[in-house]
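Contents: one structure, followed by commentary.
Here, each number is a calculation from the coordinates, and none is a lab measurement. These numbers were taken from a predicted model, which means no experiment stands behind them. Positions of Cβ are generated from backbone atoms using ideal geometry, with glycine treated the same way; all protein chains shown enter the neighbour counts.
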Amino acid sequence: MIRADLHIHTTSSPDASIPPKTIVNQLHAHPHIKAIAITDHNTTEGYHKAQKLASPYEDILIIPGIEITTTEGDIIILGTTELPPKPWTPKNVINFSKQKNSLTIAAHPYRAYGLGDQAKNYNFDAIETLNGISTPHANKMAENLAKTMNLPGVAGSDAHRVDEMWTVYTEIQASSNINEILKALKKGLVRVAYARKSIHF
Ligand SMILES: [Zn+2]
């Protein structure tokens, strides 16, 4: 089993301030969370920087990701470093992801820039049911959406600042291997959890 924060932004997102080096150092130091997905807005630059910095450490895993600003709301792709072709409609983004054997997640569906009920129209692999900066009510609605769509729920802090990292995480029944993690996510071998504020939880 591996614990992963599947939604983190770096300085490569225009609205975020977390240096990739800080993520890597703190992930290495973290007692339980050993994997993260870097999901910057519409770029994989931050992922590449973090991946390079993480390569000397055997205990941590950086999952390639991207949060695409689609015409209807934010969609996270995990498992590819390529950008989908424009126009970024949900349909194009999801089709692209399927071609790449990647995974698509409806990010914070009931917050600003979320797809809301529109998510039901698309073939997602998972729903972000626990987002670290969404309200409990919005997360509850996302959980209900996942149940309705019969899809797994995943968690990500959506950290834009250092103190927002890994407030929530996803427990995945997989080892520290990206393909295994993606397969387990698709199968729903996951559980979402809140972390305590302190690193010593
Ligand atoms: Zn985000």
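Side notes on the structure shown:
- Nearest-ten-degree value, helix 20-29 long axis tilted from longest Cα axis of the chain: 70 degrees
- In degrees, nearest ten, helix 136-149 long axis to first principal axis of the chain (Cα): 60 degrees
- Each of ASP15, ASP74, ASP59, ASP158 was scored by other Cβ atoms within 10 Å of its Cβ. Arranged with the fewest first, they read ASP15, ASP59, ASP74, ASP158.
- Each DSSP beta bridge with both residues in the chain is either parallel or antiparallel, and the antiparallel ones are about 50%.
- Shape of segment 32-168 from the C-alpha gyration tensor: oblate (a/c of 1.5 or more and a/b not above b/c, with a ≥ b ≥ c the square roots of its eigenvalues).
- Cα-based helix-to-principal-axis angle, 45-54 vs the chain, degrees rounded to 10: 30 degrees
- A DSSP coil position with no more than 15 other Cβ atoms inside 10 Å describes the following trypsin sites (Lys or Arg not before Pro) in segment 115-163: ARG161.
- Tensor-based shape of segment 106-201 (alpha-carbon gyration tensor, a/c under 1.5 rounded, otherwise prolate or oblate): oblate
- DSSP-defined beta bridges in segment 48-159 - what % are antiparallel, rounded to 5: 60 percent
- Antiparallel beta bridges, as assigned by DSSP with both residues in segment 1-78, represent about 35 percent of the total such bridges.
- Radius ratio Rg over Rh of segment 40-82, counting only Cα atoms, Kirkwood formula for Rh: 1.06
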